[in-house]
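Structure, as structure tokens:
The values are calculated or read from the model by the stated rules, or taken from the named source; none is laboratory data. Just so it is clear, the model here is predicted, and its values are computed rather than measured. Every residue, glycine among them, receives a Cβ derived from its backbone with ideal geometry; neighbour counts consider all protein chains shown. The protein model used for the area step is the full one, side chains on, heavy atoms only, and it has no ligands, DNA or RNA in it. Shrake-Rupley method; radii C 1.70, N 1.55, O 1.52, S 1.80 Å.
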Amino acid sequence: MLASFKDAGLCALFAAIGLTVNLTWCTLAGHTPGFTDALSGFGVPVNQRAFFLMGILAMSVVLAALPRKMREMESSLWPVVTLLASVGTACFAIASSQSAFPPVALAVGGLLLFGVGYFWLTARFVLLLARTQSFMPTMMCLAISLIAEPALVSLAERLLSTDVQVSAVVLMPILSTVFFQCARSAAFKQRSSEKTGRTVFGVPSRPRAEQKKGMRDDIRDAIILIAAASLLLATVRSLSFVGLWGEGHIDEFDHPSMTSSPLLFLAYCLGLAAFSYLALGRTENWPLRLRFQPSFITIIITLSVSMILAGDQNANPAVLDTLMRLNDSFSHLMFWAVVAILLDLSTIPSYRVIGTATALYAAGSIVWVLFLGKADAVENLIVIAAIYVLSIASMYYSWNKRESAPSDAAAVVTDALERRCAEVSKKYKLSPRESEILVLLAQGRTRTYIQEELVLAENTVKSHVAHIYTKLGIRDRQDMIDIVLDIADAKDDKHAKD
């Protein structure tokens, strides 16, 4: 596991730091004394996190509905979104201490922009990691950020004054963007020699996992996985004080939190590392219908113990805090693990995958905050159990049915075709994008399909196809297929002679 993180190099390091900044930004704005004045001035009978979630929901719906447009606008959009995120955070912080604007309107508007920016920045880190690194470095970056965030928040609360806290939080979206650009540059240097044809933020993507190619078009199973992980995370967050804003890290009885005890913080770190390795890493080669069962079970057990301790007046508050944080972090890791896997398996545009998953999470969280936040703990546990049983039963049925289909033969054919196209691309010096389009053309895909799959404009696809034909010296698709087959046949003959 450490070796794979080392192979990811500076990209993983910068991404882990950037994700830590994002989490710290969100936690300080939602929980610490530097922002409690803004929260107390609301006068709205709804937890303020609901408006933050509405911002996330709005941005995720846009990504899911317009993936091609958002990808085309990415280079010009990121500085605007970063600036708006900082402005939104500042508006939220000063809402109750100014008189120029209605405090509630300013705070709500700031929270909406805050949610938009937070999701946008987090999604870009996850997408970059999932498409350029293997599974475990992606999970390790997320785990490191979840470990570093509570320590960093505790230091900020203890060492920084209220004004300094607010100023630092307002600047965190900009700092996160800086680390993203560093991670992107490091990824480009790491993968600049790769000729896979697929790119993300201008960086060549890693090839899809070999054993997963027969699963790419199974949209129904993708929806099942996304829905299960999203709703579980939404429920876990809403049952924990970590997911409700306005509650600081020192509880109402002034009992210390996890970060006040080195042993508890160490237990948290070890628990998160063990979950990453055992529940996610060691199950990497399991059938997908079984792969996330250990994660589901671990999360439900941890939540159950937390709920039991929450009802015990003699329970140690710091231990309860640790269990709740572990449960919350486990759920985050599993959610993003599912997203990362689906980005690799599915032919659905990447922005649509992330947007759909996060929209389900945000919508579920809003429902919990608005209607179910005060439900009895037993009722909440019944909901968790129902989600688990239904999701696992659905995945088991779907994947059993899927495995009865002749997907292995299809995967072999697809793999051979991609290798042949790679040979053609190398011989005729096609660009990475032209190589990607060549594969789709050889598979018999239409130009409309290529537009949707690669998120390109119609004229751009036509231009790339014309360049491919010119470089290959051909006039139609049949000539192109003949060249692909001739390359393969010539190579086979050479191996036979050797």
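For this structure, a couple of remarks:
- Scope segment 444-459; condition of a type in the set (Ser, Thr, Tyr) and not in a loop (DSSP other than H, G, I, E, B); matching residues: Thr448, Tyr449
- Residue that is farthest from the chain's Cα centre (by Cα), among those in segment 454-470 that are over 19 Å from Val424 (Cβ atoms) and crowded, with 17+ Cβ neighbours inside 10 Å: Leu456
- Tally, over segment 471-484, of residues that are open to solvent by less than 40 Å² (accessible area, probe 1.4 Å) and in a loop (DSSP other than H, G, I, E, B): 1
- Boolean, Val126 is open to solvent by less than 30 Å² (accessible area, probe 1.4 Å) and among the aliphatic types (A, V, I, L, M): yes
- Top-ranked residue in segment 245-277 [being crowded, with 20+ Cβ neighbours inside 10 Å and modelled with pLDDT under 90; ranked as nearest to Leu111 (Cα to Cα)]: Trp245
- Exactly one residue among Lys462, Lys494 is modelled with pLDDT under 85, in a helix (DSSP H, G or I) and not aliphatic (A, V, I, L, M), and that residue is Lys494.
- Criterion (in contact with a Gly (Cβ under 7 Å, 6 or more places away or on another chain) and hydrophobic (A, V, I, L, M, F, W, C)) met by exactly one of Val116, Val108, Val153: Val116
- Checked against the criterion of being in contact with a strand residue (DSSP E or B) (Cβ under 9 Å, 6 or more places away or on another chain) and at pLDDT 85 or above, the candidates Ser350, Ser365, Ser425 yield just one match: Ser350.
- When segment 288-330 is filtered for residues that are in a loop (DSSP other than H, G, I, E, B) and either touching a His at 6+ places or on another chain (Cβ under 6 Å) or surrounded by fewer than 20 Cβ atoms within 10 Å (Cβ to Cβ) (or both), the ones remaining, listed by number, are Gly311, Asp312, Gln313, Asn314, Ala315, Asn316.
- Put simply, of Leu280, Leu333, Leu345, Leu239 the only residue that is under 19 Å from Ala130 (Cβ atoms), crowded, with 20+ Cβ neighbours inside 10 Å, modelled with pLDDT under 80 and within 26 Å of the chain's Cα centre (by Cα) is Leu345.
- Hey, Gly18 assigned to a helix (DSSP H, G or I), crowded, with 18+ Cβ neighbours inside 10 Å and at pLDDT 95 or above or not: yes
- Residue within segment 59-76 that is in contact with a helix residue (DSSP H, G or I) (Cβ under 9 Å, 6 or more places away or on another chain), at pLDDT 90 or above, among the hydrophobic types (A, V, I, L, M, F, W, C) and not in a helix (DSSP H, G or I) present: yes
- Search result, residues across segment 82-139 that are over 15 Å from the mean Cα position of the chain (by Cα), farther than 18 Å from Gly30 by Cα and of a type in the set (Ser, Thr, Tyr): Thr82, Ser99
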